[in-house]
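**Q** Take a look at the following structure, please.
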Amino acid sequence: MTSGAREAERSDTLILRLRIENFALIEQLELELGPGLNVLTGETGAGKSIIIDAIALLVGGRASAEMIRAGSSRAVIESMVDPSGIPGMADFLAENGFQERAGGNETLVLAREIGQGGRNLCRIGGRLASAALLREAGSLLLDLHGQHEHQSLVRSNGQLELLDFFGGADLLMTRGLVAGLHGSLREAEARLQTLEGDERERARRSDMLRFQLEEIRGAKLVPGEEEALRQERILLAHAERLRGAAAEAVARLYEGGGQGDSGWPPVPALDVISALGAEFESLAELDPALQETASQLREMSYRIQELGRALAAYRDSVEADPHRLEQVEDRLALIRELKRKYGDSITEVQGFADRAEQELGGLAGSEAERAELSGRTVALRVELESACGELGVLRRRAGERLEALLGEDLEALGLPGSSLKVLVEPLDRPGPRGADRVEFLFAPNPGESPRPLSSIASGGELSRVMLALKRALAEIDRVPVLVFDEIDAGIGGRAAEAVAERLALVARRHQVLCVTHLPQIASFADVHLRVFKTEEAGRTGTGVRTLSDEERVDELSRMLGGVRTTEVTRRHAGEMLTMARGFKEKAGLT
């Protein structure tokens, strides 16, 4: 983008229209502003300052029911603005839910309504907003000079921001480095504080985890072990019964144990089956049909022998062991206790132990992290201190350049012998913007001690200091609209021309609205608005109109001649307009 394109972009109209209703003397008033320098003129008491007061309300000024026009229930002030040319406005609107985006041909309405009884409504883009949000939106839009409430340059934070941007790329890069180091240091310190603050708790936690691990790992649990132990417990608890049953079965098969009903000893089952087998083998020789029966009896004899051997082996294996039963009961009790504490199954208990082991390792790692963080914070503090020192040097150099740049302007603006000093003082502790406090100090006369801008009593004096600063900082000042009131207080002649010229230069990069009584300033207007009294039905009001070139001659003539205008004053007025146009053409402002 070319320089000319940037200039055209910055001189766009940002406040498009201002509407005031039932405010002080104003019943109904609308004025349209244009790009560049907008000048308000008119006779004393016509209502120029009332318009400035209305603008002050739009940017968060204090409201009072006394401001409402007599006989009315409410006062309304609205401004239609173009948000696309206001740095930071799109983000502000999106972050606060007023609209998703701002740009293109969209417009934004900022509104303030004052009601009787202290009722006070603020709106942004048609939606209700708090006075704080309206003030924030207003601070992005304009700076109001002539009253102390809305001057960004009287606030120390605002002065630091402007000095840093004035300092250029090297300063801003160093400031970015400081911000990064400060953020890293804060993060490291916070983590270190957490680690050190929880040291006692970590020790308690480590002890607990070690105990739990020893308890679980010491048990040497095996998956499926509990089911096997339960079965073994059943066998051990009923060993006598099981062994006796097996022994009796062996006896019946081999010995025929017990007494029969006749008192004779019973015959062993194996003998009975063996005898029957032998008999039916003989009979099968007589009747082959019995061959199958004989074979089955022989098979049964073999099976009974096998069953007997198996039962005998089982009988011999089963042994009542009270000591082993006690061991099994103790083991099952241990498993139940571990499950009660750590999980519903052996697998879950072992999973708990795995997690405890990992956590214990992490806690041990915290000690190493704490040692590493401790060293890192020391290194970061050293780096931050060095970067803050370099940033302070760059700020002081930028302050010296700014002081030199302002010196000539202050004298030309009717403040001979005055000076502005940029004070850069070290702070005890560094912050994200470094370790400096920046304040602009003003000395109105030689030999006087410089004072903070906020303590300057004269509105006109302060406004001229602000104008000089705004001109010096025009390339980097992000606030796009400037409003000057009382800037011409106590000046005239060449000083008035100097104020006018600098207003015109500032208006190349900003939309400017200026209230003035001086024709020298009014002659430089890109848009000339005349404020006048009205009277209707016995009531005084305020009106405003945009002047044509011919009407501007009349108005400047009035401002030059007072009550009477003459050909001389009209000719003088025309000459002033011609000189103003010549200056602007030479400065590339047209």
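The values are calculated or read from the model by the stated rules, or taken from the named source; none is laboratory data. For clarity, every value in this text was computed on a predicted model and none was experimentally measured. For neighbour counting, all protein chains shown are included, and Cβ atoms are generated from backbone atoms with ideal geometry for every residue, glycine included.
**Q** May I ask you to list pairs of residues, at least six apart or on different chains, whose Cβ atoms are under 6 Å apart, with the first in region 477-494 being touching a residue at least 40 places away in the same chain (Cβ under 8 Å) and the second being buried (at least 20 other Cβ atoms within 10 Å of the Cβ) and among the acidic types (Asp, Glu)?
**A** Sorted first by the residue in region 477-494, then by its partner, the pairs are 479/143; 482/143.
**Q** Hey, among 503, 513, which residue is on the phi < 0 side of the Ramachandran plot and part of a helix (DSSP H, G or I)?
**A** Going through 503, 513 in turn, the sole match is 503.
**Q** To continue, here is another question. Here is a check on your reading of the model: is residue 55 buried (at least 18 other Cβ atoms within 10 Å of the Cβ), β-branched (Val, Ile, Thr), modelled with pLDDT of 85 or more and more than 34 Å from the chain's Cα centre (by Cα)?
**A** No.
**Q** Which of the residues belonging to region 561-590 are surrounded by fewer than 16 Cβ atoms within 10 Å (Cβ to Cβ) and part of a loop (DSSP other than H, G, I, E, B)?
**A** 562, 563, 564, 566, 587, 588, 590
**Q** Then there is this: Between a first residue in region 172-189 that is in contact (Cβ under 8 Å) with a residue 12 or more places away in the chain and assigned to a helix (DSSP H, G or I) and a second residue that is surrounded by 15 or more Cβ atoms within 10 Å (Cβ to Cβ) and polar (S, T, N, Q), which pairs have beta carbons less than 7 Å apart while being 6 or more apart in sequence or on different chains?
**A** These pairs meet every condition: 185/377; 188/377; 189/377.
**Q** Turning to a different aspect of this structure: Just give me the residues in region 516-536 being among the hydrophobic types (A, V, I, L, M, F, W, C) and part of a helix (DSSP H, G or I), in sequence order.
**A** Once the filter is applied, which keeps residues that are among the hydrophobic types (A, V, I, L, M, F, W, C) and part of a helix (DSSP H, G or I), region 516-536 yields 521, 522.
**Q** Another question about this same structure. Which ones in region 318-357 are exposed (fewer than 12 other Cβ atoms within 10 Å of the Cβ) and small (Gly, Ala, Ser)?
**A** 333 - this is the single residue of region 318-357 that is exposed (fewer than 12 other Cβ atoms within 10 Å of the Cβ) and small (Gly, Ala, Ser).
**Q** From the list 346, 304, pick out the single residue that is among the aliphatic types (A, V, I, L, M) and in contact with a Pro (Cβ under 7 Å, 6 or more places away or on another chain).
**A** That would be 346, the only listed residue that is among the aliphatic types (A, V, I, L, M) and in contact with a Pro (Cβ under 7 Å, 6 or more places away or on another chain).
**Q** Under 7 Å between Cβ atoms, at least 6 apart or on separate chains: pull out the pairs that start in region 400-421 with a residue that is over 17 Å from residue 497 (Cα atoms) and end on any residue that is assigned to a loop (DSSP other than H, G, I, E, B).
**A** Correct list of pairs: 417/445; 417/446; 418/444; 418/445; 421/450.
**Q** Those residues that are among the aromatic types (Phe, Trp, Tyr) and either surrounded by 15 or more Cβ atoms within 10 Å (Cβ to Cβ) or more than 27 Å from residue 249 (Cβ to Cβ) (or both), I need them from region 264-292; list them, please.
**A** Selection gives 280 alone.
**Q** Within region 32-63, count every residue that is closer than 19 Å to residue 534 by Cβ and among the small types (Gly, Ala, Ser).
**A** The number of residues fulfilling the criteria is 6.
**Q** If we scan region 293-300, do we find a residue that is surrounded by 15 or more Cβ atoms within 10 Å (Cβ to Cβ) and touching a residue at least 40 places away in the same chain (Cβ under 8 Å)?
**A** No, the conditions are met nowhere in region 293-300.
**Q** Residue 22 is checked against (1) under 24 Å from residue 113 (Cα atoms); (2) outside any helix (DSSP H, G or I); (3) modelled with pLDDT under 90 and fails just one. What number does that condition carry?
**A** (3)
**Q** Are any residues in region 422-439 of a type in the set (D, E, K, R) and surrounded by fewer than 18 Cβ atoms within 10 Å (Cβ to Cβ), and if so, which ones?
**A** Listed by number, the residues that qualify are 425, 428, 429, 437.
**Q** Then there is this: If a residue must be of a type in the set (D, E, K, R) and either over 36 Å from the mean Cα position of the chain (by Cα) or buried (at least 24 other Cβ atoms within 10 Å of the Cβ) (or both), how many such residues does region 58-79 contain?
**A** Residues in region 58-79 being of a type in the set (D, E, K, R) and either over 36 Å from the mean Cα position of the chain (by Cα) or buried (at least 24 other Cβ atoms within 10 Å of the Cβ) (or both): 3 in total.
**Q** I'd like the residue in region 407-449 that is outside any strand (DSSP E or B) and charged (D, E, K, R) and, out of all such residues, is nearest to the chain's Cα centre (by Cα).
**A** Filtering region 407-449 for residues that are outside any strand (DSSP E or B) and charged (D, E, K, R), the one nearest to the chain's Cα centre (by Cα) comes out as 433.
**Q** Something else: Would you be able to tell me the number of residues in region 537-560 that are outside any helix (DSSP H, G or I), under 23 Å from residue 580 (Cα atoms) and in contact with a Ser or Thr (Cβ under 6 Å, 6 or more places away or on another chain)?
**A** Number of matching residues: 0.
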